[in-house]
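Quick one: the structure is below, questions incoming.
The values are calculated or read from the model by the stated rules, or taken from the named source; none is laboratory data. Here the structure is a predicted model, which means the values were calculated and not measured. Backbone-built Cβ (ideal geometry, glycine too); neighbour counts: all protein chains shown. For accessibility, only protein heavy atoms count, side chains too; no ligands or nucleic acids. Shrake-Rupley method; radii C 1.70, N 1.55, O 1.52, S 1.80 Å.
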Amino acid sequence: VHRIPYLMFFDGVFSIFLLYLIHYCISANTNDSTIKSKDKKVSMDIKDYIYYVPTDEGIISHLRQYDMLWNIGLAVNRTIKVSPFNSFHYPDVKSINLCKHFELDSVNCINDNSTKVFKDHNCIYTGLSHPASHYGWSEKMPVSQTFNYSIIDCLAGPLNLDIGKYPPFKRQHIPSGKIFKTRYLELFEIAKDILGITNDTLLVVVHWRRGDQLTTRCPIIDGEPNTKIKPEKIDHTLNCGTVKEFIEQVNFNVRKFLGTHSNSSNSVFEHSPISNISTNSRIEIFNGLRVETKVTTSVITERTSMINDTSINKRLLYVATNEKDEKQLQEIKGIPAKLFGDIAAGLAKRNIVLNSMEIFILELVIMCQASYLFAWGESALHRFLHNCRIHNPVLRSNLIIDNHRGIISTNTK
């Protein structure tokens, strides 16, 4: 009977120790998501959603981020909610909600801007590339790259699959072949009518990236070395070349892959029947480099049947570019080629005016639907174009990327 007080004493001590141990374990387990700042502490109330605040990059960059989040959301069984954003690529657009322009049923777009999301949620900044202040965000926001996607409330900043914790998953892609809203498909039909594209037209599209490319990736600017460029970002392709080099390479590429017209050797874009292309793998010399051109038999068959289709009796070249120099644009038109200015003039007659972002999306549709597509350099845009064309074996095989000046590689994967 006299030992009961002692038992009660030790029982109390043990209970306190047990409570401390449980608290310690919970704290350790949630270290990634329970990050203290000067203002607040992240809540442990786990919801079905992950809120994401995007950066100020372009559309393709954001679609790539959404693609990653979609995969991670599937892995952790949580829905992604994305706030609108502004982009320096489209200065005339104040707030961008991509769900209004693309079919993104895997991602939910919300109306709350970044300020409200930061106020209502406990956001963590990924800390990649730039400090938070680069995007106009508070430096007080916790920074982490080891957070847990299963329990995180909100995330902001650039993403890659090397950051964050999530269970293993098989990578998929948002199906960009059917990603455009109906409005842009209707605009494409109007653009075809403006350009005179019919069922017997072979639409050849060339993407020539300029604009910010010249300052962020080109080693030479106006004849002077670009000292601000990072070595891993240097682009040695025609994106950084002259308009004369561009025109010469376009004509070379088209003759190589589509052949020349039977009644003209001066232009590869006369409205006349198209001759066959060569079907042999061979060794060729481009700018002093020995390159073997290889195309699989199935691709050759698909191409040849398309090129020799008797219903196709004319070609049209469209150049998608953000080059603004009017003199260079006029030289391109002399190939002859069509530019967005030609489409804009036709749209104006229909009382349709597009902002810079809508122009870019319409040109994405044009590039996705082109009979042939030529492009240069390393770009996330090329991955998007590959995905949007992959559902069509002929279009997939006719995506031709040149990653070196003058060296042609055919993307058939």
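Among 51-58, 330-337, how do they line up from the highest to the lowest mean number of other beta-carbon atoms within 10 Å?
Final packing ranking: 51-58, 330-337.
Can I ask one more? Peptides 362-375, 77-90: what's the order by average Cβ count within 10 Å, highest mean first?
Ranking, from highest mean packing down: 362-375, 77-90.
Moving on to the next point. Given H placed on each backbone N at 1.01 Å, which residues far from CYS109 in sequence or on other chains put an amide H within less than 5 Å of it?
VAL82
Separation between the LYS116 and LEU354 pseudo-spin-labels, each 7 Å from Cα along Cα→Cβ, expressed in nm?
Between LYS116 and LEU354, the simple spin-label model gives 3.0 nm.
Please report the accessible area of ARG389 (heavy atoms, 1.4 Å probe, ligands and nucleic acids excluded) in Å², nearest 10.
Roughly 0 Å² of ARG389 is accessible to a 1.4 Å probe.
Output the peptides 133-144, 247-258 sorted from most to least packed, where packing is the average of other Cβ atoms within 10 Å over each peptide's residues.
Going by the mean number of other Cβ atoms within 10 Å, highest first, we get 247-258, 133-144.
Still on this model: 5 Å is the cut-off here: which amide hydrogens, built 1.01 Å from N in the peptide plane, fall below it relative to LYS314, excluding neighbours closer than 5 in sequence?
Under 5 Å from the amide H of LYS314: LEU202.
Percent of Cα-Cα pairs more than 23 Å apart in segment 42-192, please.
In whole percent, the long-distance tail amounts to 35.
On to the next question. Can you give the % of DSSP beta bridges in segment 68-175 that are antiparallel, to the nearest 5?
So the antiparallel bridges amount to about 10 percent of the total.
Another question, then. Given H placed 1.01 Å from N in the peptide plane, which residues other than close sequence neighbours of VAL143 have an amide H under 5 Å from its amide H?
TYR125
At 0.36 nm per residue, and after removing the present C-alpha to C-alpha distance, how many nm does the segment from GLU189 to GLU139 gain when stretched out fully?
In short, 13.3 nm is gained.
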